[in-house]
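The values are calculated or read from the model by the stated rules, or taken from the named source; none is laboratory data. All figures in this text were calculated on a predicted structure; none of them were measured in a lab. Cβ placement follows ideal geometry from the backbone for every residue including glycine, while neighbour counts extend to all protein chains displayed. Keep in mind that these areas ignore ligands, DNA and RNA; they rest on the heavy atoms of the full protein, side chains included. Shrake-Rupley method; radii C 1.70, N 1.55, O 1.52, S 1.80 Å.
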Amino acid sequence: MKRTKIIDVLGGTDIGTKVNIKGWVRTFRNNQFIAMNDGSTINNIQAVVDFSTFDESLLKRLTTGACISVDGEVVESLGKGQSVEIKVDALQILGDADAEKYPLQPKRHSLEFLREIAHLRVRTNTFSAIYRVRHAMIFAVHKFFTDKGFCNVHTPVITGSDAEGAGEMFRVTNFDLNNVPKSEDGSINFKEDFFGKETNLTVSGQLEVETACMALSEVYTFGPTFRAENSNTSRHLAEFWMIEPEMAFHDLNDNMDLAEEFLKYLVNYALVHCKDDLEFLDKRAKEEDKQKPQLERAEMGLLERLQFIVDNEFVRLTYTEAIEILRNSKPNKKKKFQYLIDGWGADLQSEHERFLVEKHFKKPVILFDYPNEIKAFYMRVNDDGKTTAAMDVLFPGIGEIIGGSQREERYNVLLEKVNKMGIPEEELWWYMDLRKFGSAPHSGFGLGFERLILFVTGMGNIRDVIPFPRTPDNAEF
Ligand code: 4AD
Ligand code: MG
């Protein structure tokens with residue numbers, strides 16, 4: 001018999017139909033009721049065995065985690081919580097799971113414990129829901145841009161440039177590290193390395209995707225990016241995925257419009273297409289909240305929070321306006337901020353961003369026109385000469401979710417900046433060429449995919465929204 005997915009059986013297979021289902025045992029109760037899950041939905045199906053017709057030795061093997069195949073009839077369920085169940089005719093064990101040794105039990109495990117068994121945690125309700133939401137968001141990203149006529153471009157993972165100029169790169173080499181070739185002056189001779197030059201894992205696909213933008217007008221890249229920043233926080237990964245659209249003939253305002261529309265589209269897509277999973281995650285977050293002191297509890301539930309994003313306009317204000325608000329804020333006056341704001345020009349820390357979003361405006365905020373000094377070399381200098389056409393989108397509970405800018409399209413202005421920042425020109429000759437030949441005003445931004453998933457799933461730690469997190473001191477699996 002051909003296998004039917006559990007989601008399809010639960011979704012309305014006719015009563016009386018004979019089906020085969022395959023999946024993993026979640027629980028086996030009273031020697032009779034098997035709760036089975038195959039990942040097609042958060043919901044289990046109940047398969048009911050008549051223990052008098054099955055060998056006891058077979059039933060003993062129906063342990064949590066075992067993989068089984070069941071033939072049976074779809075019947076109306078008398079139990080609570082499901083409309084149909086399977087009356088089992090035949091039962092086959094595909095893979096045993098020794099109850100003494102299998103680490104997952106039908107009870108709540110801590111997220112910290114589950115991180116240590118990341119190869120098995122996808123078999124829990126929480127993680128299978130997160131995996132499915134991640135998939136839906138990947139699909140929604142491509143749908144959003146495809147519907148708008150954007151062209152998806154694969155940018156390289158191995159590069160020779162530091163797109164963000166922050167020096168947080170992982171080196172790529174195939175040197176024998178015990179015998180690294182040296183030049184006469186004692187420095188490492190990268191000419192003898194695999195690529196004949198210094199290379200690293202990309203920190204952003206932006207510079208390369210800009211090349212495509214200068215021919216295809218509207219493009220985006222969606223790939224893995226790598227940052228060797230030593231920040232052990234619940235918002236940072238050393239390997240994360242980023243979506244970077246780049247649009248010709250868009251100024252900073254157009255860029256902010258697209259970023260806001262994009263985020264609302266993604267959140268709404270999740271609300272419409274991931275209903276069961278989000279309801280589960282909503283309940284989960286509420287239970288977790290109950291363990292917390294009153295003050296730390298979320299003001300809105302997950303579903304409410306998501307709907308709020310879709311329904312409300314983001315606040316837009318300049319960096320200069322934000323500094324004024326922060327300088328006069330209570331936590332600044334009472335010296336509660338770790339980094340006090342005393343003047344224009346300071347880089348904003350996440351405590352400041354979160355104050356603006358969560359306490360002051362209580363809405364997503366887009367900050368723009370930052371000081372030149374604290375932003376990347378490629379961002380366009382404004383007419384005032386001291387600010388740059390940059391923007392960050394700040395989300396409640398997350399902080400920065402998007403960073404972007406209008407790009408410096410004027411050859412001479414860019415050259416001056418590159419020189420001032422000491423970026424080797426030979427690294428960027430091709431990027432400079434874009435400004436030499438048919439340059440055009442253009443803009444783009446980067447959405448951190450895991451920060452989006454954090455927000456949509458309501459999880460608290462970025463290590464729990466990517467299957468195999470890479471963080472300082474951790475590259476297991
Ligand atoms: O602000 P960032 O560094 O911007 C860029 O990389 C630009 N090249 C984007 C562009 O304009 N095309 O990073 C963009 C976003 C951040 O807003 C954040 O959401 C995410 O990437 N991000 C991280 N996510 C997880 N772990 C990290 N270590 C991250 N660093 C940045
Ligand atoms: Mg940024």
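Here K375 does not fit the description of being away from ligand 2 (no atom under 15 Å from the Cβ) and of a type outside the set (V, I, T).
How about segment 13-70: which strands (runs of 3 or more DSSP E) wholly inside it have at least 3 residues that are closer than 24 Å to R121 by Cβ and in contact with a helix residue (DSSP H, G or I) (Cβ under 8 Å, 6 or more places away or on another chain)?
18-29
Of the conditions (1) assigned to a loop (DSSP other than H, G, I, E, B); (2) within 16 Å of ligand 2 (Cβ to nearest atom), T388 fails just one. Which one is it? If we test T388 against (1) assigned to a loop (DSSP other than H, G, I, E, B); (2) within 16 Å of ligand 2 (Cβ to nearest atom), just (1) comes out false.
Looking only at residues of segment 404-425 that are open to solvent by 10 Å² or more (accessible area, probe 1.4 Å), touching a residue at least 24 places away in the same chain (Cβ under 8 Å) and part of a helix (DSSP H, G or I), we find that the one that is farthest from ligand 2 (Cβ to nearest atom) is Y411.
When I401 is tested against (1) near ligand 1 (Cβ under 9 Å from one of its atoms); (2) outside any strand (DSSP E or B), only condition (2) is not met.
Residue under question is V357, and the condition is that it be within 30 Å of M300 (Cβ to Cβ) and of a type outside the set (S, T, Y); does it hold? Yes. Cβ-Cβ distances below 6 Å connect the following pairs, each with a first residue in segment 67-95 that is of a type in the set (S, T, N, Q), a second residue that is modelled with pLDDT of 95 or more and open to solvent by 50 Å² or more (accessible area, probe 1.4 Å), and a separation of six or more residues or different chains: S69/K22; S69/Q92; S69/L94. Look at segment 430-457: where a residue is farther than 30 Å from A298 by Cβ and within 8 Å of ligand 1 (Cβ to nearest atom) and a partner is basic (K, R) and open to solvent by less than 10 Å² (accessible area, probe 1.4 Å), sitting 6+ places away or on another chain with Cβ atoms under 9 Å, you get G444/R407. Close Cβ contacts (under 7 Å, 6 or more residues apart or on different chains) running from residues in segment 44-55 that are in contact (Cβ under 8 Å) with a residue 12 or more places away in the chain and closer than 15 Å to V19 by Cβ to residues that are open to solvent by less than 80 Å² (accessible area, probe 1.4 Å) and of a type in the set (D, E) comprise I45/E85; Q46/E85; A47/E85; V48/E85. Residues that are basic (K, R), over 18 Å from I7 (Cβ atoms) and open to solvent by less than 50 Å² (accessible area, probe 1.4 Å) within segment 101-141 comprise just one, R121. When you scan segment 123-143, do you find a residue that is within 30 Å of A285 (Cβ to Cβ) and either assigned to a loop (DSSP other than H, G, I, E, B) or within 16 Å of ligand 2 (Cβ to nearest atom) (or both), even just one? Yes, there is a match, as at least one residue in segment 123-143 is within 30 Å of A285 (Cβ to Cβ) and either assigned to a loop (DSSP other than H, G, I, E, B) or within 16 Å of ligand 2 (Cβ to nearest atom) (or both).
With the structure loaded, tell me whether L207 is touching a Cys at 6+ places or on another chain (Cβ under 6 Å), surrounded by 14 or more Cβ atoms within 10 Å (Cβ to Cβ) and in contact (Cβ under 8 Å) with a residue 12 or more places away in the chain or whether it fails that test. No, not satisfied. One residue is enough: does segment 243-264 have a residue meeting the conditions of a type in the set (V, I, T), within 30 Å of A389 (Cα to Cα), surrounded by fewer than 21 Cβ atoms within 10 Å (Cβ to Cβ) and out of contact with any Pro (no Cβ under 6 Å at 6 or more places or on another chain)? Within segment 243-264, none of the residues are of a type in the set (V, I, T), within 30 Å of A389 (Cα to Cα), surrounded by fewer than 21 Cβ atoms within 10 Å (Cβ to Cβ) and out of contact with any Pro (no Cβ under 6 Å at 6 or more places or on another chain). Scanning segment 363-389 for residues that are more than 9 Å from ligand 1 (Cβ to nearest atom), within 17 Å of A346 (Cα to Cα) and open to solvent by less than 30 Å² (accessible area, probe 1.4 Å) yields L367, Y370, P371, N372, T387, T388, A389.
The residue pairs whose first member lies in segment 333-345 and is of a type in the set (D, E), whose second member is surrounded by 13 or more Cβ atoms within 10 Å (Cβ to Cβ), and whose beta carbons are closer than 9 Å, counting only pairs six or more residues apart or on different chains, are D342/R327; D342/N332.
For segment 362-392, the set of residues classified as closer than 30 Å to D311 by Cβ and not aliphatic (A, V, I, L, M) consists of K362, K363, P364, F368, D369, Y370, D392, listed by residue number.
Each row is one residue, and each column tells you yes or no for (1) more than 16 Å from ligand 1 (Cβ to nearest atom); (2) polar (S, T, N, Q).
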site: P224; (1), (2): no, no
site: L237; (1), (2): no, no
site: M242; (1), (2): no, no
site: H250; (1), (2): no, no
site: D257; (1), (2): no, no
site: Q294; (1), (2): yes, yes
site: V310; (1), (2): yes, no
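Residues in segment 198-214 that are among the β-branched types (V, I, T) and within 16 Å of ligand 2 (Cβ to nearest atom): T202, V203. The criterion of being small (G, A, S), within 16 Å of ligand 2 (Cβ to nearest atom) and either surrounded by fewer than 14 Cβ atoms within 10 Å (Cβ to Cβ) or over 27 Å from the mean Cα position of the chain (by Cα) (or both) holds for A166.
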